[in-house]
1. Looking at the structure I just gave you, is E105 within 20 Å of M137 (Cβ to Cβ), at pLDDT 95 or above and exposed (fewer than 13 other Cβ atoms within 10 Å of the Cβ)?
2. Return the pairs, sorted by first residue and then second, in which the second residue is in a helix (DSSP H, G or I) and among the β-branched types (V, I, T), the first residue lies in region 163-186 and is over 17 Å from V16 (Cβ atoms) and touching a residue at least 12 places away in the same chain (Cβ under 8 Å), the beta carbons are less than 8 Å apart, and the residues are 6+ apart or on different chains.
3. So, in region 192-214, of the ones that are outside any loop (DSSP other than H, G, I, E, B) and among the charged types (D, E, K, R), which residue ends up nearest to V167 (Cα to Cα)?
4. Only one of these conditions is not met by V167: (1) surrounded by fewer than 21 Cβ atoms within 10 Å (Cβ to Cβ); (2) of a type in the set (V, I, T); (3) closer than 27 Å to I104 by Cα. Which number is it?
5. Would you call R246 of a type in the set (K, R), out of contact with any strand residue (DSSP E or B) (no Cβ under 8 Å at 6 or more places or on another chain) and more than 17 Å from Y27 (Cβ to Cβ)?
Amino acid sequence: MSPNNAEQNTNVSDIVLYLKCPRKVYYTKRSPKIRSKDDVSYVEHLLLKELGLRYPQFLESSSSKADNKKDKIQSVFNEVSAELSIIYASELKGVSETTVSEAIEDVTACLEDITCNVAEMLEDAGNLSLSKALCGMEVQPVLYGSKMKVSGIPAGMVELEGSPIPVIVKTGKCPEYGVWADDRLHLAAFSMLVQEIHGRPTDDGIVIYSRSGCIRPVKIRANDRRQVLGVCSNIKKIKEGFLPERKEIPLCHDCEYLESCDVKSSLVSKFF
């Protein structure tokens, strides 16, 4: 992809942002973020993101016993904690050591659930091919579809039953069954890129919910691809200057663009 054309393309991260709130796509390049990154939840996200990328390390062992897995998972997390400030130096600029320490403690409390869920997965013979595929995961490859004009970097790519499969890592709460609707569309966007690049249908994907240790295979449907194309079309309009209607959602109060969004909404209301 030519750097000169970068602004004309959509990134999968734009799609994820749109699914959270369409207005965030508008404000990302137009308004400064006002929320400080010195908060525990932000550092937790980075810790869990990095831990998710390293799940293959503790799936490599053939043993499914929780006791054996617990030591391995703790060891990998210790590595993540020690290396976080190096890998995410820019992201952690201005974040206090106290905040980082608190985040490490919070994620440490999740390791028990992670251990149990990973061990349970490995006990099921039906997951053998999935765990083997993840052990050979290529971490964060760059994907670009010239027809779709979409680019992105999934958490990884694996080879499953002879086909390339995208993997994404999510750091939030895991649903009881399946995957969240937004996560399905996130994965569908990557599957469409893989499909274009390799020239064959790609109907599978994997979501790693790193906070809980749940690994969910996903079947991508025609309607998922249809929705992704619709989102891409809307994102293009937003980048050209269209401001989506403001919607009040629970996450609004913690949004880094809240001030800009409130001001813009007030100005618009004066003309209608």
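1. Here the answer is no, as E105 does not meet what is asked.
2. If the second residue must be in a helix (DSSP H, G or I) and among the β-branched types (V, I, T), the pairs left are P164/V194; I165/V194.
3. The residue in question is D204.
4. Failed condition: (1).
5. For R246, the condition - of a type in the set (K, R), out of contact with any strand residue (DSSP E or B) (no Cβ under 8 Å at 6 or more places or on another chain) and more than 17 Å from Y27 (Cβ to Cβ) - is not met.
The values are calculated or read from the model by the stated rules, or taken from the named source; none is laboratory data. Predicted model only: the values in this text are computed from it and were never measured. Note that each Cβ is placed from the backbone with ideal geometry, even for glycine, and that neighbours are counted across all protein chains shown.
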